[in-house]
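Notes to accompany the following structure.
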Amino acid sequence: MVKSFQRLRDELVKNGATATDLANADRWYTIKKKEALDTQLKDLNDFLADLRGEASGKSGFALLTSNLSKFSGFEKDLKAGKTINQGDFTSLGQTILGEAKDIYGTSTSAYAEIVKRLTSASNLAVKNTTSSFDAATKIDATTAAINAQTDKTTQQQAIANDYLRQLVQQNAQIIANTAPRAAVSTATNGRLGKAA
């Protein structure tokens, strides 16, 4: 991965990439490197989670309490309007849901309260992610006005072009219908024929 990225970077430099292009390539590489590392460590991390969880000898209630404490960090960030690592959030949420189900069953108020808490945090995560996305893709009012005016101008130009096309066609018909016709004489075998 390192060698292929270095080749890509060298190619960008060779083709005159800007500092911004190189910074974007470096950012992309950092993200891809982290994804590759996370993929390689997933099984080990899952195993460690098992060792720290049920295999640790802790009671189910102690594990649930510990995970709910970790979940509070997500809730705090979400209430502050921050975005979160969705993979970690959903993984922890699913673990909590499973533990709560095992401890309380699904028809108890304690289980319902945990589901309510998970649902509320999930709704906040959706809201914050949507807001963050909207802010990143938002066009300012000036740009929007310019784009709207450009669209109107383009539409008006298309109408004008269509009118001009129609006028040219009408003029061609008028010329074809009113132009004087010249008499055409034909000759066959040296003899002059009648004019048409």
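The values are calculated or read from the model by the stated rules, or taken from the named source; none is laboratory data. Being a predicted model, the structure only gives us computed values, none of them experimental. Cβ placement follows ideal geometry from the backbone for every residue including glycine, while neighbour counts extend to all protein chains displayed.
Numbers below:
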quantity: Some residue of the stretch 37-53 being under 26 Å from residue 125 (Cα atoms) and among the aromatic types (Phe, Trp, Tyr); calculated: no
quantity: Subset of the stretch 146-196 [modelled with pLDDT under 75, among the β-branched types (Val, Ile, Thr) and surrounded by 10 or more Cβ atoms within 10 Å (Cβ to Cβ)]; calculated: 186
quantity: In the stretch 63-113, the residues that are in contact (Cβ under 8 Å) with a residue 40 or more places away in the chain, outside any helix (DSSP H, G or I) and surrounded by 12 or more Cβ atoms within 10 Å (Cβ to Cβ); calculated: 82, 83, 84
quantity: Every pair of residues 6+ apart whose Cβ atoms lie under 6 Å, when the first sits in the stretch 114-137 and is in the same structural domain as residue 71 (by TED's automatic domain parsing) and outside any helix (DSSP H, G or I) while the second is surrounded by 15 or more Cβ atoms within 10 Å (Cβ to Cβ) and of a type in the set (Asp, Glu); calculated: none
quantity: From the options 22, 64, 78, 97, residue that is assigned by TED's automatic domain parsing to the domain that holds residue 134, farther than 29 Å from residue 122 by Cβ, at pLDDT 80 or above and in contact with a helix residue (DSSP H, G or I) (Cβ under 9 Å, 6 or more places away or on another chain); calculated: 22
quantity: Condition check for residue 143: surrounded by 10 or more Cβ atoms within 10 Å (Cβ to Cβ), at pLDDT below 85 and either part of a helix (DSSP H, G or I) or not polar (S, T, N, Q) (or both); calculated: yes
